[in-house]
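First comes the structure, then the notes that go with it.
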Amino acid sequence: MAAANTLFLTRLHDRQGEHAWVDPITGERHLTTMWMRNSASHNRFEEAGGQLISRSNNYTLQIGSDVARWSTTGEDSLRLGVMAGYASSNSKSRSQVTGYTSRGKANGYSAGLYATWFADDATRTGAWVDSWVLYNWFDNEVSGHEMRTEKYHSRGITASLEAGYALPVGTSERFSYWLEPRGQAVLMNVKADDLTEEQGTRVSGIGDGNVMTQLGIRAWMKGMPEKGVSDSVKPYIETNWVHNTRAFGVRMNGESNTMLGSKNLLEARVGVEGQMSDRLALWVDAGHQVGHNKYSESRGSLGIKYQF
């Protein structure tokens with residue numbers, strides 16, 4: 001349930017990656033609009049009062065592109081895009097009491113739309129608003145201790161609304177410094193099929209309908225071209241507070257068992273985005289979340305854009 005609802009979650013900076021490139025034949029500057037994002041994460045959490053410890057390794061591949069854009073003032077931009085993705089998750093749970101283990105797998109896809117507004121399209125500073133909606137579908141399986149593998153499906157909608165504001169806070173001889181407060185709300189409504197396993201236990205997933213909210217701030221810097229320093233590379237650090245209204249879990253014969261420590265999380269991220277050459281643009285990100293009951297998640301992502 002947690003994987004199906006979170007693997008395709010993105011923020012604007014996770015997929016922005018738009019950079020100018022120079023046509024080698026005409027010498028004209030253009031803006032690329034297609035992007036690809038690879039993300040991997042490792043998650044650890046406890047259940048059942050700490051008796052169960054679960055770990056998962058996850059991978060997500062997403063691609064997308066702007067399909068239309070408008071401007072109302074000549075400086076702002078409103079753009080509409082499409083995106084799709086593939087994700088997989090492999091998990092293992094172990095009982096501290098019995099020593100028994102179970103393994104789970106989830107493989108799925110997503111497809112949807114995004115819309116983004118920048119108050120200043122040229123510099124990407126000032127106010128911005130981003131939104132997206134995705135339809136997600138997964139094939140899942142769980143293998144218990146000396147039990148038959150159970151298979152089921154999950155599917156549903158996830159949707160996000162995010163806003164931020166990039167403002168200058170100072171300059172040095174060669175660099176400018178910026179702070180960017182941001183907030184995001186995500187509706188997670190991917191639901192799992194109910195099933196009755198081989199031994200007769202009635203199983204259903206819980207946690208769909210969760211609303212995740214984030215409040216955070218990003219600090220970044222860029223060079224000043226007028227001082228002879230390129231502004232094509234932007235390192236940053238970021239911190240966020242994350243709140244979930246519901247915990248993901250499972251209900252077996254009416255008894256609920258949910259992830260512990262995921263209600264309130266503190267996150268730190270560090271990364272860099274930049275234009276490596278006239279053709280190649282990269283953005284790299286690493287982050288770590290912590291919560292109560294030893295909850296943790298480590299994540300890394302790589303975005304690539306190449307003009308052929």
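The values are calculated or read from the model by the stated rules, or taken from the named source; none is laboratory data. Keep in mind that what you see is a predicted model, and the values were worked out from it rather than measured. All Cβ positions, even for glycine, are placed from backbone atoms using ideal geometry, and neighbour counts span all protein chains on display. Only protein heavy atoms, including side chains, enter the accessible area calculation; ligands, DNA and RNA are left aside. Shrake-Rupley method; radii C 1.70, N 1.55, O 1.52, S 1.80 Å.
Computed quantities for the displayed model
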item: Karplus (6.51, -1.76, 1.60) ³J(HN,Hα), θ = phi - 60°, over the stretch 119-129, in Hz, Gly and Pro reported as x; result: 5, 10, 5, 5, 9, 6, 10, x, 7, 8, 9
item: 10 Å Cβ shell holding at most 11 others, DSSP loop, GluC sites (Glu not before Pro): longest site-free stretch of the chain; result: 29-145
item: Average Cα contact separation per residue, the chain, under 8 Å, 6 or more apart, as relative contact order %; result: 16 percent
item: Set of aspartates and glutamates with alpha-carbon distance to K222 below 13 Å, sequence-local pairs under 8 removed; result: E173, D231, E273
item: In nm, spacing of pseudo-spin labels at L78 and K294 (7 Å Cα→C-beta vector); result: 5.1 nm
item: Integer Hz, Karplus 6.51/-1.76/1.60 couplings in order for the stretch 189-200, x for Gly and Pro; result: 10, 7, 10, 9, 5, 6, 8, 10, 6, 4, 8, x
item: Relative contact order for the stretch 194-281, counting Cα pairs under 8 Å that sit 6 or more residues apart, in percent; result: 30 percent
item: Within the stretch 66-154: Cβ-based charge dipole about Cα centre, in debye rounded to nearest 20 (Lys, Arg +1; Asp, Glu -1); result: 580 debye
item: Residue-level accessible surface for S41, protein heavy atoms, 1.4 Å, Å²; result: 10 Å²
item: Projected label distance in nm at S95 and R251, using a 7 Å step from Cα toward the beta-carbon; result: 2.3 nm
item: Charge dipole magnitude, Cβ of K and R +1, D and E -1 - the chain, Cα centre, debye nearest 20; result: 600 debye
item: Value of D in µm² per second that Stokes-Einstein yields for the stretch 72-123, Kirkwood Rh from Cα pairs, at 20 °C (1.002 mPa s); result: 140 µm²/s
item: Value of relative contact order over the stretch 66-131, rounded to a whole percent, pairs C-alpha under 8 Å and six or more apart; result: 32 percent
item: Dipole of the chain [Lys/Arg +1, Asp/Glu -1 at C-beta], most positive-end residue of V272, H145, A40; result: H145
item: Which of G112, G291, T213, positive extreme of dipole for the chain (C-beta unit charges); result: G291
item: Difference of contour (0.36 nm per residue) and Cα-Cα distance, L113 to A163; result: 16.3 nm
item: Accessible solvent surface per residue of the stretch 65-216, calculated while the other protein chains remain in place, 1.4 angstrom probe, Å²; result: 51 Å²
item: Cross-link reach list, aspartates and glutamates versus K151, counting only Cα pairs under 18 Å and skipping chain neighbours closer than eight places; result: D139, E141, D193, D194, E197, E198
item: Accessible surface of the stretch 157-248, 1.4 Å probe, proportion on carbon and sulfur as whole %; result: 58 percent
